[in-house]
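Enquirer: One structure, pasted below without further comment.
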Amino acid sequence: MKLYNTMSRKVEDFKPIEDHKVGMYCCGPTVYNFAHIGNLRTYVFEDILRRTLEKNGYKVKHVMNITDVGHLTGDGDDGEDKLEKRSRETGKSVWDIAAFYTEAFMKDTASLNIKRPTVICKATDHIKEMIDLVKSLEDGGHTYISGGNVYFSIDTIDDYGKLAKLNLDELKAGARISVDDNKRNPKDFVLWFTNGKFKDQVMVWPSPWGVGYPGWHIECSAMSMKYLGRHFDIHCGGIDAIPVHHTNEIAQSEAATGEKPWVNYWCHGEFLINDKGKMSKSSGEFLTLSVLVDHGYDPLDYRYFCLTGHYRSQLKFSYEALDHAKSARQSLNDKVASLKKEASPASSFSEKACGYRQEFFDAMSNDLHAPQALAVLWSMLKDEEVPDDQKLALLLDMDSILGLNLDKVEVKKEESIPQNVLDLVNERAEAKKNKDFKRSDEIRDRLASMGWSVKDTPQGPVVAKIL
């Protein structure tokens, strides 16, 4: 299996730390609002990655955090806590807001058939681990206290910014005014906030540095290492996390543990864009999954849409594009239903069927090339040399990665036509034969009132239930 590693900017052979096992950490939602469909694209990509790893024989321990404290409106320690801000706007408690949007997020991911992570960890449940990590950094000489807050000093390490390929000399030259006057270096970041920064903060805990709350970046480091260890395989997220959040995670984690690299593979999903550019919550206008459902789409239509673009390429959203995805998924479901009606999944494959299977999984194992894999799937379906039972088995096998719930597609049962309806149809046919069109029309209307339509064809009348 091959994966693009953001750290090296190359597609690399995947080699796990431990044979047949993978530790994977995915940055979860900040639960102050609904996830928009751009956010959800990242979680679909991570689900596809997990499914492909599992298909390649790995047992995946998938850890995802819930950020319910500490994420400020600005990634660079500026602004205010997103949940506190939302609480003030709505009049609801920060705890109620976090609980509500966590549940909403889990419902969205379930409806997209995204596998539930092995571990879901809330930031507010891991304050002790964060404090312990900050103390470790303090003991190692990587911190300083200024303005009531504990900062990480990037000047204590020699490779800050390596993930984002940051040029620190250029950044320092261009930083005429620091966002935070308490910082020795504009790129230093807060590990622990105290009352010195924000007044009347609701979510606060005692610490060696005073009552306060953790910085956003320290949360992911503390929780990922608790569940996956000091060195693990894969860390995922959206590309917007590269320049600040993931850069700071690496800095503090490697400073604390001495592990280099802390994470072997960094995998990032590209933006979903629309006519206005990147989809974001900050604009106040963003599409949620429930909006798509209200417009008549199934959540799996959106999942199929995500599969039509490679995860490392920007994907442009439009309702027209979503309509194409909906139509394609419906055609696929119809084909599955038709195959299920005629055959059961085969237990073995011909050489040609094996070729299609190999081509599909090669595409997915080569840095998750879903669009290429879908093209293989449709080619297989059109190939008359592949028997129906093998087509069905191949589709269900491929869907273990695609996650479109093809195994749940039901065969529509043909409703039997009641004898009294058949009698009326025959009576109408006799009336038409005798050119008694008035009687024929009367019978047609009566059939319609009973919920049945009748259509004359060269092969005879066709009767159908009126939906």
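The values are calculated or read from the model by the stated rules, or taken from the named source; none is laboratory data. Everything numeric in this text was worked out from a predicted model, so none of it was measured. Positions of Cβ are generated from backbone atoms using ideal geometry, with glycine treated the same way; all protein chains shown enter the neighbour counts. Accessible surface is based on the protein model in full, side chains and every heavy atom, while ligands, DNA and RNA are left aside. Shrake-Rupley method; radii C 1.70, N 1.55, O 1.52, S 1.80 Å.
Enquirer: Can you list which of the trypsin sites (Lys or Arg not before Pro) found in region 394-467 are DSSP loop residues with at most 16 other C-beta atoms within 10 Å?
Expert: Within region 394-467, the qualifying trypsin sites (Lys or Arg not before Pro) (loop, at most 16 other Cβ atoms within 10 Å) are Lys412, Lys413, Lys435.
Enquirer: Pop the C-beta distance of Ile239 and Lys433 into the FRET formula with R0 = 60 Å and round what comes out to the nearest 0.05.
Expert: Numbers: r = 72 Å, r/R0 = 1.19.
The pair Ile239/Lys433 has a calculated efficiency of 0.25.
Enquirer: Sketch the reach of a paramagnetic label on Tyr319 as a point 7 Å from Cα along Cα-to-Cβ, and name the residues of region 105-126 whose backbone nitrogen lies under 13 Å away.
Expert: none
Enquirer: Could you look at region 277-408 and say what percent of its accessible area is carbon and sulfur, using a 1.4 Å probe and all protein chains?
Expert: Values: 2800 of 6130 Å².
Exposed carbon and sulfur together represent 46 percent of the surface.
Enquirer: Just name one of Ser146, Ile157, Ser400: the one whose Cα is farthest towards the positive end of the charge dipole of the chain (beta-carbon charges, Lys/Arg +1, Asp/Glu -1).
Expert: Among Ser146, Ile157, Ser400, the one farthest towards the positive end of the dipole of the chain is Ser400.
Enquirer: Here's something else I'd like to know. What accessible area per residue, rounded to a whole number of Å², is obtained for region 277-408 using a probe radius of 1.4 Å?
Expert: Details: 6130 Å² over 132 residues.
Accessible area per residue, region 277-408: 46 Å².
Enquirer: Let me ask something else about it. Normalising by the residue count of the chain, find the relative contact order in percent from Cα pairs under 8 Å and 6+ residues apart. Intermediate values should be presented prior to the final figure.
Expert: Numbers: 698 pairs, mean separation 78.0, N = 467.
Reported as a whole number, the value is 17 percent.
Enquirer: Right, something else. Across region 240-329, how many lysine pairs separated by 8 or more positions, or lying on different chains, have Cα atoms within less than 29 Å?
Expert: 7
Enquirer: Ignoring ligands, DNA and RNA, what accessible area per residue does region 181-268 give at 1.4 Å, in Å²?
Expert: 33
Enquirer: At 7 Å along the Cα-to-beta-carbon direction for both Asp407 and Ala337, put a label point, then send me their distance in nm to one decimal.
Expert: Between Asp407 and Ala337, the simple spin-label model gives 2.1 nm.
Enquirer: Distance cut-off 18 Å, Cα to Cα: go down the list Lys340/Lys391; Lys2/Lys382; Lys2/Lys55 and report the pairs above it.
Expert: Details: Lys340/Lys391 10 Å; Lys2/Lys382 29 Å; Lys2/Lys55 13 Å.
Among Lys340/Lys391; Lys2/Lys382; Lys2/Lys55, the Cα-Cα distance tops 18 Å for Lys2/Lys382.
Enquirer: Sticking with this structure for a sec: Using the Cα centre of the chain as origin and beta-carbon charges of +1 (Lys, Arg) and -1 (Asp, Glu), tell me which of Tyr101, Leu137, Gln459 is placed farthest towards the positive end of the dipole.
Expert: Highest projection toward the positive end goes to Gln459.
Enquirer: What percentage of the solvent-accessible surface of region 16-269, computed with a 1.4 Å probe over protein heavy atoms, is contributed by carbon and sulfur atoms?
Expert: Percent of accessible area from carbon and sulfur atoms in region 16-269: 48.
Enquirer: Tell me, in nm to one decimal, what length is gained between Asp294 and Asp125 on full extension, where the rule is 0.36 nm per residue of separation less the Cα-Cα distance?
Expert: 57.3 nm
Enquirer: Over region 414-465, with every protein chain in place, what whole percent of the accessible area is carbon and sulfur at 1.4 Å, could you tell me?
Expert: With neighbouring chains kept in place, the figure for region 414-465 is 49 percent.
Enquirer: Hey, which aspartates and glutamates would be in cross-link range of Lys183, C-alpha to C-alpha under 14 Å, not counting anything within fewer than 8 residues on its own chain?
Expert: Reachable aspartates and glutamates: Asp77, Asp78, Asp155.
Enquirer: How would you classify region 16-269 from its alpha-carbon gyration tensor, with a ≥ b ≥ c the square roots of the eigenvalues: rounded for a/c under 1.5, else prolate if a/b is greater than b/c, otherwise oblate?
Expert: Numbers: a/c = 1.67, a/b = 1.19, b/c = 1.40.
In terms of gyration-tensor shape, oblate.
Enquirer: Same structure, new question: Placing unit charges on C-beta atoms (Lys and Arg positive, Asp and Glu negative, everything else neutral), compute the dipole magnitude of the chain about its Cα centre in debye, rounded to 20.
Expert: Working: 62 positive and 71 negative charges, 148 e Å.
Using only the charged Cβ atoms, the result is roughly 720 debye.
Enquirer: Go through Leu339, Asn167, His235 and say which Cα lies farthest out towards the positive end of the charge dipole of the chain; charges sit on Cβ, +1 for Lys and Arg, -1 for Asp and Glu.
Expert: Working it through, the farthest residue towards the positive pole turns out to be Leu339.
Enquirer: Under a crude label model (7 Å from the Cα following the beta-carbon direction), how far is Asn274 from Lys15 in nanometres?
Expert: Between Asn274 and Lys15, the label points sit 4.5 nm apart.
Enquirer: Could you do me a favour and compute the accessible area per residue for region 414-465, 1.4 Å probe, result in Å²?
Expert: Using a 1.4 Å probe on heavy atoms only, each residue of region 414-465 averages 72 Å².
Enquirer: Does region 240-399 come out rounded, prolate or oblate, given a ≥ b ≥ c as the square roots of the eigenvalues of its C-alpha gyration tensor, rounded meaning a/c under 1.5 and, failing that, prolate meaning a/b above b/c?
Expert: Numbers: a/c = 3.06, a/b = 1.48, b/c = 2.07.
Cα axes put region 240-399 in the oblate bin.
Enquirer: Mean residue ellipticity at 222 nm from the helices of the chain, using -39,500 (n - 2.57) per DSSP H segment of n ≥ 4 over the full residue count, to the nearest 500 deg cm²/dmol? Let's see the in-between values first.
Expert: Working: 15 runs with 200 residues, N = 467.
Rounded to the nearest 500, the figure is -13500 deg cm²/dmol.
Enquirer: Which is the longest stretch in the chain that no exposed loop site breaks, taking sites as GluC sites (Glu not before Pro) with a DSSP loop state and at most 15 other Cβ atoms within 10 Å?
Expert: Between the exposed loop sites, the longest stretch runs 81-258.
Enquirer: Quick one: go through region 368-397 and flag any residue whose amide nitrogen is under 20 Å from the point 7 Å out along the Cα-to-Cβ line of Lys352.
Expert: Output list for this probe position: 374-397.
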